[in-house]
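To keep things clear, I will list the structure first and then write my remarks on it.
We did not get these values from a lab; they are worked out from the coordinates using the rules stated. Just so we're clear, the structure is a prediction, and the values are computed from it rather than from any experiment. Every residue, glycine as well, gets a Cβ built from its backbone with ideal geometry; the counts of neighbours run over all protein chains shown.
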Number of protein chains: 2
Amino acid sequence: MLSVTRLTINDVARAAGVSKGAVSFALNSRPGVAPDTRERILKVAQEIGWTPSSRARALSVSRSLAVGLVIARPPATLGADPFFPSFIAGLESVLSERGYALLLQVVADDDRETPSYRRLVDEGRVDGVFLTDMFMDDPRPGLLAELGLPAVIVGPALGDDVWPTVGVDDAPGISAAVEHLVALGHSRIAYVGGPCGMVHGHSRQRAWLTALDAAGLPSAPSIEADFSAESGATATRQLLELAEPPTAIVYANDLMAMAGMSLAQSRGLDIPGDLSITGYDDSEIAAHLQPALTTVCTDVLEWGRAAATRLLELIDTQPATDIALPTAKLVVRDSTGPVPTTRPPTPTTTTPRRRQRTTRLRQMEMK
Amino acid sequence: MLSVTRLTINDVARAAGVSKGAVSFALNSRPGVAPDTRERILKVAQEIGWTPSSRARALSVSRSLAVGLVIARPPATLGADPFFPSFIAGLESVLSERGYALLLQVVADDDRETPSYRRLVDEGRVDGVFLTDMFMDDPRPGLLAELGLPAVIVGPALGDDVWPTVGVDDAPGISAAVEHLVALGHSRIAYVGGPCGMVHGHSRQRAWLTALDAAGLPSAPSIEADFSAESGATATRQLLELAEPPTAIVYANDLMAMAGMSLAQSRGLDIPGDLSITGYDDSEIAAHLQPALTTVCTDVLEWGRAAATRLLELIDTQPATDIALPTAKLVVRDSTGPVPTTRPPTPTTTTPRRRQRTTRLRQMEMK
DNA sequence: CGGAGTTCCTAAACCGGTTTAGATGCTCTC
DNA sequence: GAGAGCATCTAAACCGGTTTAGGAACTCCG
């Protein structure tokens, strides 16, 4: 190791016997360099092992060659969400190919993210950002428009936006779940959703409502939870304590479904004998639960790829290529089954089914 | 909005009636500027709303002001791991305070990461990296030493390394789990671990072995899995089919423990009546399982903070401040209980307990 | 054969900061 | 009161690329 200093474009220029500019032209495959000169330059660069410094590049092209992802969620909930890792992997696969880096920021939930974005812009760290976990009336698109920072909204389409939206439509997945339950004979299909103030919380609930309606079913109880296990358990408890508890519950994510399933089981209910349950996400554990969870699966990796592609297009002010995302698919497993037939036909204030079950349990324990 | 161009240090200099250099000095609180001048400059900068461009700063200080985290795992496994989100949140809290950004890369598992690091270095994207999911004889520390890129190893201490290690020791947590089970009367405490080729897989298994030994127990079956739900289920099946199945299983993470618990339950075993189970991680869902999972909890956020602090020190060639990380703690819940007392004293080739249980189940179903 | 048009390339400006060398004015000292 | 020493500040070089203006050589064409 003779020289400690990093290789620069000047070293290449000198070695190839040309000027800095020529090297730059050759590297970026721009006209103005003879084919054989170009080849010679590239060969020399290769030989001495030079890669352009993205620092220097970033300064001269007035771009950061990086995009940002700001995640504002309590880390606990984040950890249980299979979405982000796959999504980020999808982003990466496109970004790295185009020489872009991904800047990640995980901020406290209550920070409302906007200071983070402002800083990213002020410091010129990123050329664009992905917006996730959108709220209804989210201030961020407006803020970013004001700051002039390109953005892509990740999630269900909103419609009237300044920024493009890239997202797998929730509706088909939820609809499929409801239809599946209807086909199994269920008619009291409750819903445990995320915060209605959040776009995907909202859209999934709408999908459930629409599907019920399409099946000609009357409205059923719906509880607004917050995607956490705790809230899923609480919501489930409330539903089971209703005078007329549901025979099936559609959850807006797997985590709440798992917590709900556990809670129901702890009360002696058999899944799916007494209660059918569906999740959303198809997390790794879903298939290995007892019973295996019927859930909705989306191709999150592809989703990430699409979002990244769109953001880069936006940054380069290229026209949008419309990428068709595969729709959400229902994965039927063992947590859904035929509606219980032994149900008493007239609704009462007590819950006979649970009573009965409790009795059976008691017998078992006494044995 | 009169001018569309970004504010630069020149604008501040002009507005304050000083030179570029003076502004730079003032901003970085270096000597050579009179106190009142410094204040005036800062006030002007504040007023016109200028923040130094990190692009330009990065080029002139020959630093990227960013650090990298390369994650090489199949996204599916990643999504189920509560570690990274909290860890990243911890990193962020230190990095952002110091004006550093976090560059994230999620690469395919088989890419073995090294090309990613090489690229990060070649392009000058980062000033240092965190190494996670270390293998025994991992080539990365050596590679990075060669490339001259500072690194901090995240995980159990290895000892002979070029780079500092920041990690919560696994041993106390696993030991506590084993001791807890021993106290409950268990003597056949099996172990389902991660790949032994991985450092934390290895260290957790050693901890289990050591703890067994300390309790004066003979060696028990141990299965090398891969931290995935699938592998956890398979390992559990193998253990339960042993001539003399364990009465307790210690798992190296929650995901495998959950899958194992479900599998055991699907075979009619009662947890913890017939089999006690412990996990590792304390994921959000753990407390909401049926039964709630006894597991090991570590302060991952603090861990992230420590790792970031250490890496920045390394980059600035400052001496290491030794940060004491809180040790892993056992969280006792309901998946562990007294060893079954009804067990026949002589081992046979069949498994009477399960037989008995199956019978009970059958009775129930026939009813 | 002289001027217009191309092609290929170089020198120099530029991106927006940091940092160094040196100018200026002031105090201190003998 | 002249030179040393210091604090304060400026001008200019520098980081490592990209990009523009322009020069040299060569072709084309009337």
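For the protein assembly as shown, the alpha carbon convex hull comes to 194 Å³ per residue, rounded to a whole number.
Convex hull over the Cα atoms of the stretch B:243-352, averaged projected area in nm²?
If I average the Cα hull's projected area over directions, I get 9.2 nm².
Pairwise Cα distances in the stretch A:110-264 exceed 24 Å in 42 percent of cases. Placing +1 on each Lys and Arg Cβ and -1 on each Asp and Glu Cβ, with no other charges, gives the stretch A:236-334 a dipole about its Cα centre of roughly 120 debye. Amide H contacts under 5 Å for A:L330: A:C297, restricted to partners 5 or more places along the chain or on a different chain, H placed in the peptide plane at 1.01 Å from N.
Each other residue within a Cβ distance under 11 Å of A:L289 adds +1 if Lys or Arg and -1 if Asp or Glu, for a net charge of -2. Distant-in-sequence amide contacts of A:A66, defined by a placed amide H-H separation under 5 Å and a gap of 5 or more residues or a different chain, comprise A:A101, A:D127. Over the stretch B:261-315, what relative contact order in percent results from Cα pairs under 8 Å that are six or more residues apart? Reported as a whole number, the value is 24 percent. Shielding value for B:279-291 is 6, the average number of Cβ atoms from other chains within 10 Å of each residue's Cβ. A Cα-only calculation for the stretch B:9-52 places Rg and Dmax at 8.8, 24 Å. Remark: C-alpha extents of chain B on the principal axes read 92, 45, 34 Å, sorted largest to smallest. Summarising the label geometry, the points placed 7 Å from Cα in the beta-carbon direction at A:T327 and A:A34 lie 6.0 nm from one another. Over all pairs of different C-alpha atoms in the stretch A:31-97, the reciprocal of the mean inverse distance, the Kirkwood hydrodynamic radius, equals 16.0 Å. With label points set 7 Å from Cα along Cα→Cβ, the inter-copy distances at B:R98 are 3.2 nm, sorted shortest first. Each Cα pair under 8 Å and six or more residues apart adds its sequence gap; the mean of these over the residue count of chain B is a relative contact order of 15 percent.
Computed from Cα atoms, the angle from the helix B:300-315 axis to the main principal axis of chain B rounds to 40 degrees.
Do you know the relative contact order of the stretch A:9-52, to the nearest whole percent, from alpha carbon pairs under 8 angstrom that are 6+ apart?
41 percent
When the inverse distances between all different Cα atoms of the stretch A:67-142 are averaged and flipped, the Kirkwood radius reads 13.3 angstrom.
Cross-link reach is defined here as a Cα-Cα straight distance under 12 Å, omitting same-chain residues fewer than 8 places apart; for A:K329 the aspartates and glutamates meeting it are A:D169, A:D170, A:D281, A:D282, A:D299. Each 10 Å bin, from zero up to the one with the longest distance, holds this percent of the alpha carbon pairs of the stretch B:154-235: 18, 44, 31, 7, 0. Diffusion of the stretch B:191-252 by Stokes-Einstein, at 10 °C in a medium of 1.306 mPa s and with Rh set to the Kirkwood radius over alpha-carbon pairs, works out to 134 µm²/s. Across the identical copies, the 7 Å label point of A:R6, projected outward along Cα→Cβ, sits 1.8 nm from its counterparts, in ascending order. Using a 7 Å projection from Cα along Cα-to-Cβ, the label point at B:K329 is separated from the same position in the remaining copies by 4.4 nm, smallest value first.
Between helix A:199-214 and chain A there is an angle of about 40 degrees, using the helix long axis and the longest principal axis of the Cα atoms.
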